[in-house]
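A.B. asks: Quick one: this structure, given as structure tokens, is what I'll be asking you about.
The values are calculated or read from the model by the stated rules, or taken from the named source; none is laboratory data. Remember, it's a predicted structure, so these values are computed and weren't measured experimentally. Note: ideal-geometry Cβ built from the backbone for every residue, glycine included; neighbour counts use all protein chains shown. The protein model used for the area step is the full one, side chains on, heavy atoms only, and it has no ligands, DNA or RNA in it. Shrake-Rupley method; radii C 1.70, N 1.55, O 1.52, S 1.80 Å.
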Amino acid sequence: MFTGIIEAKGEVTSLEKSNASCQLVIHSDSLQLGDLSIGDSIAVNGVCLTVTAFGKNSFQADVSNETLACSTLGALAIGAQVNLEKALRADSRLGGHIVSGHVDGLARLLSKETDGDSLALWFSSPGELSLYIARKGSVCLDGVSLTVNAVRGDDFSVNIIPHTASATNIGLLETGDCVNLEVDLFSRYLERMFNKASDDGDQYGLSLAKLKASGFIK
């Protein structure tokens, strides 16, 4: 699990593709790798990858064809900057929100405008994912935990403060670029519980009637 708080940026230094997968090597001068072990997880642009080798300032991971097809990792090139976050420790602060590192789809940048000292970004999401994106809810874009400012159909907006723009690769995005999108994990479970209530005739699942009877809503 991750938090969506980026620890460092890295640079792709090697990219070897085969029929079965891709071997990725990423260098970072600022990511602390001293506590890593083979088999640990690192989120690369929001995609959970397994460390297969590492050195003082770099690590290696294998990326399956499925991950290449479902994320932006398939479009990476040598020299590309990526957002990095090591897996959450049980004794760490949860500064963002719960992120699994499992990409739900790709969001495309529609517009990028200055808003005071910040950047206002509008993205389009795949229609099947828009249900899980709500105003003032959380989304994860290329591994960055962000708050949704507004929703308009399948489109949504976020604001990027100067620190986030400089500490991540989000500030480098241009109109038309795609990012890895992970929706809020809990929204998926809520939908499943409500759907199960409908499927089972409200016997086991969650429903508005049950919430009202339990005093959660009036």
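A.B. asks: Give the residue list of trypsin sites (Lys or Arg not before Pro) in the stretch 1-80 that are DSSP loop and have at most 11 other beta-carbon atoms within 10 angstrom.
C.D. replies: Answer in residue order: Lys56.
A.B. asks: Moving to a separate point now. Summing +1 for each Lys or Arg and -1 for each Asp or Glu, what net charge is found among the other residues whose Cβ lies under 13 Å from the Cβ of Asn83?
C.D. replies: It works out to a net charge of -3.
A.B. asks: Farthest toward the dipole's positive end in the chain, which of Thr50, Gly116, Ile98, given Cβ charges of +1 (Lys, Arg) and -1 (Asp, Glu) about the Cα centre?
C.D. replies: Ile98
A.B. asks: Shape verdict for the stretch 63-116, please, from the Cα gyration tensor: rounded (a/c under 1.5), prolate (a/b greater than b/c) or oblate.
C.D. replies: It is oblate, given that a/c is not under 1.5 and a/b is not larger than b/c.
A.B. asks: Give the value in nm², to one decimal: projected area of the alpha carbon convex hull of the stretch 56-159, averaged over all directions.
C.D. replies: Approximately 9.0 nm², given one-decimal rounding.
A.B. asks: Turning to a different aspect of this structure: Where only protein heavy atoms count, and the probe is 1.4 Å, what is the accessible area per residue for the chain in Å²?
C.D. replies: Accessible area per residue, the chain: 53 Å².
A.B. asks: How much of the accessible area of the stretch 1-155, in percent, comes from carbon and sulfur atoms when a 1.4 Å probe is used?
C.D. replies: 46 percent
A.B. asks: Give me the angle, in degrees from 0 to 90, between the Cα long axis of helix 185-199 and the longest principal axis of the Cα atoms of the chain, rounded to the nearest 10.
C.D. replies: So the inclination is approximately 40 degrees.
A.B. asks: For the stretch 1-121, just say rounded, prolate or oblate: build the C-alpha gyration tensor, square-root its eigenvalues into a ≥ b ≥ c, call rounded for a/c under 1.5, and beyond that prolate if a/b exceeds b/c, oblate if not.
C.D. replies: Verdict is oblate for the stretch 1-121.
A.B. asks: Per residue and in cubic angstrom, what volume does the convex hull of the Cα atoms of the chain have?
C.D. replies: Considering the Cα atoms of the chain, their hull volume per residue is 161 Å³.
A.B. asks: How far is the Cα center of the stretch 45-73 from the Cα center of the stretch 141-189, in Å?
C.D. replies: That distance is 21 Å.
A.B. asks: Something else now. Sorted by accessible area with a 1.4 angstrom probe, largest first, how do Arg188, Arg152, Arg93, Arg135 fall?
C.D. replies: Order by accessible area, largest first: Arg93, Arg135, Arg152, Arg188.
A.B. asks: If we count every other residue with Cβ under 9 angstrom of Gly143's Cβ, Lys/Arg +1 and Asp/Glu -1, where does the sum land?
C.D. replies: For residues surrounding Gly143, the net value is -3.
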